[in-house]
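This report concerns only the one structure given below.
No value in this document is a laboratory result; all are computed from the given coordinates. For clarity, every value in this text was computed on a predicted model and none was experimentally measured. FYI the Cβ positions are ideal-geometry reconstructions off the backbone, even for glycines, and counts take in every protein chain you see.
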Amino acid sequence: MKLKAIVHNASEGGFWAEVPSIPGCATQGETMEELLANLREAIEGCLSVDVETPVPGSGDRVLEIAV
């Protein structure tokens, strides 16, 4: 699986990155090497979270769409 991350220069030094395809998935590092290691760990952590399956109410539909 390949994911895109946006890397930013941190105002206090170092870097921080976010993964737009995984809401809330972000991390930081003092060096690019540290950032990459932290980013892999953050992605694994975000993807391993159990998410409850939504229960649709009457009239609601759940769609699964592949893109």
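Order these by the 10 Å Cβ neighbour count, fewest first: Met1, Met32. Before the final figure, lay out the partial values.
Numbers: Met1 4, Met32 12.
Exposure proxy ranking, most exposed first: Met1, Met32.
Write out the GluC sites (Glu not before Pro) in the chain meeting two conditions: DSSP loop, and at most 14 other Cβ atoms within 10 Å of their Cβ.
Working: sites: Glu12, Glu18, Glu30, Glu33, Glu34, Glu41, Glu44, Glu52, Glu64; in loops: Glu12, Glu30, Glu52, Glu64.
Within the chain, the qualifying GluC sites (Glu not before Pro) (loop, at most 14 other Cβ atoms within 10 Å) are Glu12, Glu30, Glu52, Glu64.
Checking a compactness column here: for the chain, what do you get for Rg(Cα) / (2.2 N^0.38 Å), N being the number of residues?
Details: Rg = 16.1 Å, N = 67, 2.2 N^0.38 = 10.9 Å.
Compared with the compact-globule rule of thumb, the chain sits at 1.48.
Angle, helix 32-47 long axis vs. longest principal axis of the chain, Cα atoms, 0 to 90°, nearest 10?
Between helix and principal axis, roughly 20 degrees.
Please find the FRET efficiency linking Asp50 to Glu30, where r is the Cβ-Cβ separation and R0 is fixed at 30 Å, and quote it to the nearest 0.05.
Numbers: r = 32 Å, r/R0 = 1.05.
E(calc), rounded to 0.05, equals 0.40.
Would you mind ranking Ile43, Ile65, Ile6 so that the residue whose beta carbon has the fewest other beta carbons within 10 Å leads the list? Don't jump to the answer; show the numbers that get you there.
Numbers: Ile43 19, Ile65 4, Ile6 10.
Fewest-to-most Cβ neighbours within 10 Å comes out as Ile65, Ile6, Ile43.
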